[in-house]
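The structure under discussion appears below in the form of structure tokens.
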Amino acid sequence: MTRHFDDLQLGSIELFCLAAETGSFTAAANEAGITPAAVSRSVARLEERLGVRLFVRTTRQMRLTDDGRTYFEQCRQALTQLVDAERAVSGGQSIASGRLRISVPTPYAHYRLFPRLPEFRRRYPQVQVEVHVSNRNIDFANEGYDLAIRGRDPADSSLVARRLEEAENVVVATPEYLSRAGTPRTPEDLAAHECIQFELPSSGRRVPWSFRVHGKLVEIETTGSLTVLEDYLATATLAKCGGGLMQAYRFTVQEELEQGELVEVLKDYGQTTRPFLLIYPYARHVPSRVRAFIEFMLEARNDGESS
């Protein structure tokens, strides 16, 4: 059988049907958990592929064209048949089961996800979890992942992003390094220090360090002769070994700070954060194992916010 649609096109068809049902891109976006612009781009891709206009849009209203109504009725029927087929295969069960594939960056995997996974498995014993620990971007369609956790919003408008937390940054070094090299008092002082570098796998770019200067967020390109690729946690290990200064997530070095093995510097320029986002392809009918994991992670997020 010849393949006529890729995952992006199928997602665009679902978003088109959602927009037709709700009567607006904004309402469709709210239900899908994405932006109205993402819905608009998906519909535009369909119109370009089909060579017809699907909606007539004015400042006051949006309605289906004759071609759009014909296409909507056929697509709605096809999507309903797909849902029915999935339910028939799964036996109509709502119990979460099957293999769940997740891609997670190293710091979040070791310090956030792994401590929570045993509880997830206790709640959902029929789900087998496969964790891909890496900082590189993945291709959902070609690599078969259900979800990913990443530190930035996805460029692909067909993906949904749910914020898990804002992780605080902190600049640290060992007491021995600071005794030898001196303690920086301002971000400008970093130019005279050995700053451990981390190179992003997706772009090959070294991650800049962020600070608050006079209330404004600024990013500084630091320099150093030690660069780590792939494993972000290795930068903290280098800092613990006296390799230099490193801006790390506080949760990865909190224990060492409390024990005095590492010292926080540039506190007056701190309080910057980087996000961690739960990312997954948009689908109108999310598999039970995926939905269970999403709800579990968002529950953990809310517990953290209330504590």
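The values are calculated or read from the model by the stated rules, or taken from the named source; none is laboratory data. Just so we're clear, the structure is a prediction, and the values are computed from it rather than from any experiment. Note that each Cβ is placed from the backbone with ideal geometry, even for glycine, and that neighbours are counted across all protein chains shown. For the accessible areas, the whole protein counts, side chains as well, though only heavy atoms, and no ligand, DNA or RNA atoms are used. Shrake-Rupley method; radii C 1.70, N 1.55, O 1.52, S 1.80 Å.
Heavy-atom accessible surface of the chain, averaged per residue, reaches 54 Å², computed with a 1.4 Å probe.
Sorting 234-244, 214-224 by average packing, meaning the other beta carbons within 10 Å per residue, from highest down gives 234-244, 214-224. Ranked by solvent-accessible area (1.4 Å probe, protein heavy atoms only, all chains present), the residues ARG60, ARG76, ARG116 order from largest to smallest as ARG60, ARG76, ARG116. Inter-label distance, SER134 to ARG49: 2.7 nm, where each label sits 7 Å from its Cα along the C-beta direction.
Among beta bridges identified by DSSP and lying wholly in the chain, the antiparallel ones come to about 70 percent.
Normalised by 2.2 N^0.38 Å, where N is the number of residues, the alpha-carbon radius of gyration of the chain equals 1.22.
Distance between the pseudo-spin-label points of GLN77 and HIS285 (7 Å out from Cα toward the beta carbon): 1.7 nm. For the stretch 3-63, the share of accessible area belonging to carbon and sulfur comes to 50 percent (1.4 Å probe, ligands and nucleic acids excluded). Only Cα pairs under 8 Å and 6+ residues apart enter the sum, and on that basis the relative contact order of the stretch 15-128 stands at 18 percent. Classify the stretch 189-307 as rounded, prolate or oblate from the Cα gyration tensor: take a ≥ b ≥ c as the square roots of its eigenvalues, call it rounded if a/c is under 1.5, otherwise prolate when a/b beats b/c and oblate if not. Verdict is prolate for the stretch 189-307. Taking the Cα-to-Cβ direction at GLU199 and at GLU176 and moving 7 Å from each Cα, how far apart do the two end points lie in nm? Calculated label separation equals 2.7 nm.
Quote to one decimal, in nm, the extra length available between GLN254 and GLU295 on full extension: 0.36 nm per residue of separation minus the C-alpha distance between them.
Length gained, GLN254 through GLU295: 12.0 nm.
Based on Cα contacts under 8 Å between residues 6+ apart, the stretch 93-178 shows a relative contact order of 36 percent.
Over the chain, what relative contact order in percent results from Cα pairs under 8 Å that are six or more residues apart? Relative contact order comes out at 21 percent.
Considering helices alone, the calculated mean residue ellipticity of the chain at 222 nm is -12500 deg cm²/dmol, with DSSP H runs of length four and up weighted by -39500 (n - 2.57) and normalised per residue.
Ignoring ligands, DNA and RNA, what percent of the 1.4 Å accessible area of the stretch 96-180 is carbon and sulfur? Accessible surface attributable to carbon and sulfur in the stretch 96-180 totals 44 percent. Full extension of the chain between ARG274 and ARG163 yields a length gain of 38.9 nm, computed as 0.36 nm times the residue separation minus the alpha carbon distance. Rounded, prolate or oblate for the stretch 128-268? Axes are the square roots of the Cα gyration tensor eigenvalues, ordered a ≥ b ≥ c, and the cut-off for rounded is a/c under 1.5. Prolate shape, in that a/c is at least 1.5 and a/b is the bigger ratio. For trypsin sites (Lys or Arg not before Pro), the sites in the stretch 119-186 that DSSP calls loop and that have at most 15 other Cβ atoms within 10 Å are ARG136, ARG152, ARG185. In terms of its C-alpha gyration tensor, the stretch 55-189 comes out oblate, because a/c is 1.5 or above while a/b does not outweigh b/c. Accessible area per residue (1.4 Å probe, heavy atoms of protein chains only) ranks ASP153, ASP66 as ASP66, ASP153, with the largest value leading.
Compared with the direct C-alpha span, the chain from MET62 to GLU143 gains 25.4 nm at full extension, assuming 0.36 nm per residue.
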